[in-house]
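Notes follow once the structure below has been shown.
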């Protein structure tokens, strides 16, 4: 690029020079200036010359820089795209739990429910001590644990207490007493209300295959299937409350050492240790060891 400079008119000897607009003449060499003149002179602002090409090395560096920025931008866009697709895939695979309790947590009712209970694998224990039920015999202490969102833990605990404390339950033999205790206390067994999927897994640990349909008892665990608790079984022929009391007394009976029994005859009362979930075989439904 041709160097540019501004010329300053020579000062007449003995008088001040009249200020004039600097003029650039490319055909002339700029006059020599003293250091004093250069120090006092204010550099003019020159308009850029867009017609003049920039030096080749500068153009080359500029093109290389532009190409490098283009490549980096493309790589960044590709990486972001991969991240978004992977995140979308995770959201599809991972199940999302509804925030609406009415849809995700069916509340046990007096009428059967056909909607399967959700499975989380997380249990909530009921706090505090319950009353001791029964008049004589050793106290069998137990805890109550309800899977979220299988049901209301307090409601389930109250129904277990009422069932085991009924005069027709196991305490009628005067050989057993029961008491509910909190999670932190020592207990002989735990009564679980678990979803079909979770109950199947828990029962399998004791060598029992339930297909997610029935309740079971394994060492130190009484596992009530939440679907059966919410809806009993088809053609049971008795109210839901009757089936619930049967399920508790039947599985606790296993905990006390009792085995299965059969229907004694058509029209007779089914023993509580009969597998009534699989059909009554001509017997009538029954919830109690001592009806």
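Taken over segment 271-291, the criterion of being surrounded by 19 or more Cβ atoms within 10 Å (Cβ to Cβ), assigned to a loop (DSSP other than H, G, I, E, B) and in contact with a strand residue (DSSP E or B) (Cβ under 6 Å, 6 or more places away or on another chain) is satisfied by 271, 286. The lone criterion from (1) within 19 Å of residue 214 (Cα to Cα); (2) at pLDDT below 95; (3) surrounded by fewer than 18 Cβ atoms within 10 Å (Cβ to Cβ) left unmet by residue 122 is number (1).
Screening residue 148 with (1) at pLDDT 95 or above; (2) surrounded by 16 or more Cβ atoms within 10 Å (Cβ to Cβ) gives one miss only, at (1).
Which ones in segment 214-238 are in a loop (DSSP other than H, G, I, E, B) and surrounded by 15 or more Cβ atoms within 10 Å (Cβ to Cβ)? Residues satisfying the conditions are 214, 215, 232, 233, 236, 238.
Inspect segment 240-261 for any residue being part of a loop (DSSP other than H, G, I, E, B), in contact (Cβ under 8 Å) with a residue 12 or more places away in the chain, surrounded by fewer than 21 Cβ atoms within 10 Å (Cβ to Cβ) and in contact with a strand residue (DSSP E or B) (Cβ under 6 Å, 6 or more places away or on another chain) and give the result as yes or no. Checking segment 240-261: not a single residue is part of a loop (DSSP other than H, G, I, E, B), in contact (Cβ under 8 Å) with a residue 12 or more places away in the chain, surrounded by fewer than 21 Cβ atoms within 10 Å (Cβ to Cβ) and in contact with a strand residue (DSSP E or B) (Cβ under 6 Å, 6 or more places away or on another chain).
For beta carbons closer than 7 Å, sequence separation of 6+ or different chains, a first residue in segment 127-154 that is without any contact (Cβ under 8 Å) to a residue 12 or more places away in the chain and at negative phi and a second that is outside any loop (DSSP other than H, G, I, E, B) and crowded, with 16+ Cβ neighbours inside 10 Å, there are no qualifying pairs.
Does residue 137 satisfy being farther than 21 Å from residue 213 by Cβ, surrounded by fewer than 19 Cβ atoms within 10 Å (Cβ to Cβ), under 36 Å from the mean Cα position of the chain (by Cα) and at pLDDT 95 or above? Taking the combined requirement at face value, the residue does not satisfy it. The set of residues from segment 152-180 being touching a helix residue (DSSP H, G or I) at 6+ places or on another chain (Cβ under 8 Å) and not in a helix (DSSP H, G or I) comprises 166, 169, 176, 177, 178, 180.
Under the condition of being under 21 Å from residue 231 (Cβ atoms) and part of a loop (DSSP other than H, G, I, E, B), the residues counted in segment 181-207 number 1.
The values are calculated or read from the model by the stated rules, or taken from the named source; none is laboratory data. Since the model is a prediction, treat every value here as computed from it, not as a measurement. We place every Cβ from the backbone using ideal geometry, glycine too, and count neighbours over all the protein chains shown.
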